[in-house]
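The values are calculated or read from the model by the stated rules, or taken from the named source; none is laboratory data. What you see is a predicted model; the values in this text were computed from it and never measured. Using ideal geometry, Cβ is built from the backbone for each residue, glycine included, and neighbour counts are taken over all protein chains shown. Protein only, heavy atoms only, side chains kept; ligands, DNA and RNA dropped before computing areas. Shrake-Rupley method; radii C 1.70, N 1.55, O 1.52, S 1.80 Å.
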Amino acid sequence: MSTAVAGKGLEGVVAANSGICWIDGEAGVLSYRGIDIHELAEYSTFEETTYLLWNGLLPNELALREFTAQLTLARSLDHRIIDMLRSFPRTATPMEVLRTAVSALSFYDADEKDNSHDANVRKSYKLIAQIAMLVAIYDRLRKGKEIVPPDRSLSHGANFLWMLSGEIPSETAVKTMDMALVLHADHELNASTFAARVIAATLSDIHSAITGAIGAMKGPLHGGANEGVMRLLLTIDKEGADPAEYVRNMLAAKQKISGFGHRVYKTEDPRATHLRKISEQLGRDSGNTKWYDMSRAIELYINADKKLNANVDFYSASTYATLGIDIDLYTPVFVISRIAGWTAHVIEQLDDNRLIRPRAEYIGPVYPTHWIPMEERP
Ligand SMILES: CC(C)(COP(=O)(O)OP(=O)(O)OC[C@H]1O[C@@H](n2cnc3c(N)ncnc32)[C@H](O)[C@@H]1OP(=O)(O)O)[C@@H](O)C(=O)NCCC(=O)NCCS
C-alpha cells in the first residue's frame, strides 16, 4: 500500500477518475465533456448542458425535447414538504432550509430505496426540478406571499424566476439566469462535489449525497462566497468608502476578500470573464452601474496588489443584485445550477464504485501511550 502524504487541503491530489469536467488551471480552461465553457456559455442552455453532463454528448433535437419534458414533468413537490417549509422559523436562511428540505425529499420519493443507475437518473430529474422550487417557495413563504405554481411552458431558469417573483421574467433576465446556470453547473472535484462522491461511494443514497454537498457548498470558502461579495459591496456603499482603499485596509489586516483566489486557477477563472461582461451589461441596461463599477475598482486593485484574480463568485454577486435577487438566495442559486454536476458525479461514481477511504498522517501522542488511573493523572 502506498503511504504518500498529500499536501494540506489535498492540494494537487487526483482523487478520482472522471469523464465529466476538465480544467487547466494554468491556462484558465474549463470544459464540460470536452466542450469549452466559452462555447457553452454562448450557445447552450441549462437543459442541454445538464444532458451533456449526464450523458457525455450533446443531445439531438428529439433527445433534448424528451429530456426537457422529463425535467418539467418533475416540477412537483409533496404537500408535506411545503407544510414543512411553512413550519420553519422565518429566521432560517434559505441554505439551511435547502439542506434540511432536500434531505426530507427522499421520504416522498418512490425510488428512495433503489440505488440503481436508472433510479438515480429518475431521482436526479426530480432533484433538479424540486431544488429550484424549494428556493422560490421558501422565499415567498418567509415574505408572507402566496406560492406561485410552476409553469411547465417555461425553461428551468425562467420557471425559477417566475416562481420567485410571480411575474413573467424579461428576456434579459431569463438569458442571464440561464447563462449563470450553465457557468455554475459543474467544476470537477470541488469541495461539494467531492463530498457528494464520498457519500455516494459508501452506497448511501443520492439524497444523502446531495444534502452533504449542500452543506459543503454553504461555506464562505466555497459557494457562500457570492453572498460575502455582496455584503462587502453593501458595506462599502453604506460607509461611502473608496472601494480600493477599503479592500487595501482589509488586506493589510490579513482578511480574505470573498470572490478572489482559487485553488486550481492560476489565471483568470473563465467563468468570471462571462460574469464580468454580464454584470456590466445588466448595469448599463438598467442605468445603474454602481455595483459593477465598485466591483471593477476592487478587482483592479486586488489584481495589481495581490496578483489575485476574481473567481466565479465575484461578478455573480453584482449580476444577481441587478436581477433583484435577495443576497441570501445567491448561494441557493448556485445550488440550483450545481445540482446538475453533483448528480452527474454521483451517478458516475456509482457506475464504477469503490469506497473512498483515505488515510491520515498521524501527528498525535506517540504509540504506545498508556492509560493511567485517575489519581495518578496530573
Ligand atoms: C478559494 C480559496 C479558498 C483557495 O484557497 P487555497 O487554495 O487554500 O489558497 P490559500 O488560502 O492558501 O491562499 C494562498 C495565498 O493567497 C492569499 N489569498 C487567497 N485568496 C485570497 C483572498 N480571497 N483574499 C486575500 N488573500 C487571498 C492567501 O492569504 C495566501 O497568501 P499567503 O501565501 O501570503 O498566506 C481562497 O482563495 C479564498 O479563501 N478565497 C475567498 C473565498 C472565495 O472566493 N471562495 C470561492 C472560491 S470559487
From the residues in the stretch 314-331 that are open to solvent by 10 Å² or more (accessible area, probe 1.4 Å) and not in a loop (DSSP other than H, G, I, E, B), which one is farthest from the ligand (Cβ to nearest atom)? THR322
Please verify whether PRO270 is open to solvent by 10 Å² or more (accessible area, probe 1.4 Å) and either within 16 Å of the ligand (Cβ to nearest atom) or touching a residue at least 24 places away in the same chain (Cβ under 8 Å) (or both), treating the condition exactly as stated. no
For the stretch 51-68, give me the residue count where each residue is of a type in the set (Ser, Thr, Tyr) and part of a loop (DSSP other than H, G, I, E, B). 0
Against the conditions (1) within 16 Å of the ligand (Cβ to nearest atom); (2) free of Cβ contacts under 8 Å to residues at least 24 places away in the same chain, where does LEU221 fall short? Just the number, please. (2)
Output the number of residues of the stretch 235-260 satisfying the condition of being charged (D, E, K, R) and either modelled with pLDDT under 95 or not in a helix (DSSP H, G or I) (or both). 3
Anything in the stretch 30-39 that is part of a helix (DSSP H, G or I), touching a residue at least 12 places away in the same chain (Cβ under 8 Å) and either in contact with a Ser or Thr (Cβ under 6 Å, 6 or more places away or on another chain) or surrounded by fewer than 23 Cβ atoms within 10 Å (Cβ to Cβ) (or both)? List them, or say none. HIS38
Residue ranges of helices (runs of 4 or more DSSP H) in the stretch 73-166 with at least 3 members β-branched (Val, Ile, Thr): 94-105, 117-142
Which residues, taken from the stretch 273-286, are open to solvent by 30 Å² or more (accessible area, probe 1.4 Å) and of a type in the set (Ser, Thr, Tyr)? THR273, SER286
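Taking the stretch 294-305 on its own, how many of its residues are surrounded by fewer than 14 Cβ atoms within 10 Å (Cβ to Cβ) and either of a type in the set (Asp, Glu) or within 26 Å of the chain's Cα centre (by Cα) (or both)?
Number satisfying all stated conditions: 2.
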Can you pull out every residue in the stretch 244-267 that is more than 11 Å from the ligand (Cβ to nearest atom) and either open to solvent by less than 30 Å² (accessible area, probe 1.4 Å) or under 17 Å from ALA225 (Cα atoms) (or both)? ALA244
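Results for (1) of a type in the set (S, T, N, Q); (2) assigned to a helix (DSSP H, G or I), shown as yes or no for each residue.
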position: PRO169; (1), (2): no, no
position: THR172; (1), (2): yes, yes
position: MET177; (1), (2): no, yes
position: ILE199; (1), (2): no, yes
Say we look at the stretch 219-234 and pick out the residues that are open to solvent by 50 Å² or more (accessible area, probe 1.4 Å) and either assigned to a loop (DSSP other than H, G, I, E, B) or not basic (Lys, Arg) (or both); which of these is farthest from ASP326 (Cα to Cα)? LEU221
Note: among ARG140, ARG152, just one is in contact with a Ser or Thr (Cβ under 6 Å, 6 or more places away or on another chain) and among the basic types (Lys, Arg), namely ARG152
Do we have any residue at all in the stretch 110-126 that's in contact with a His (Cβ under 7 Å, 6 or more places away or on another chain) and either open to solvent by 50 Å² or more (accessible area, probe 1.4 Å) or of a type in the set (A, V, I, L, M) (or both)? no
Within the set of pairs 6 or more residues apart or between chains, which connect a residue that is of a type in the set (Lys, Arg) inside the stretch 6-19 to a residue that is assigned to a loop (DSSP other than H, G, I, E, B) and away from the ligand (no atom under 13 Å from the Cβ) with Cβ atoms less than 9 Å apart? none
Of a type in the set (Gly, Ala, Ser), within 16 Å of the ligand (Cβ to nearest atom) and open to solvent by less than 70 Å² (accessible area, probe 1.4 Å), is that true of GLY25? yes
List every residue pair whose Cβ atoms sit under 7 Å apart, with the two residues 6 or more apart in sequence or on different chains, where the first one lies in the stretch 244-260 and is among the hydrophobic types (A, V, I, L, M, F, W, C) and the second, anywhere, is within 11 Å of the ligand (Cβ to nearest atom) and assigned to a strand (DSSP E or B). PHE260/ALA310
Taking the conditions exactly as written (part of a loop (DSSP other than H, G, I, E, B) and not polar (S, T, N, Q)), does ALA304 satisfy them or not? no
In this structure, does THR72 turn out to be polar (S, T, N, Q) and either at positive phi or within 20 Å of the chain's Cα centre (by Cα) (or both)? no
Yes/no for LYS175 being open to solvent by 40 Å² or more (accessible area, probe 1.4 Å), free of Cβ contacts under 8 Å to residues at least 60 places away in the same chain and within 22 Å of THR100 (Cα to Cα): no
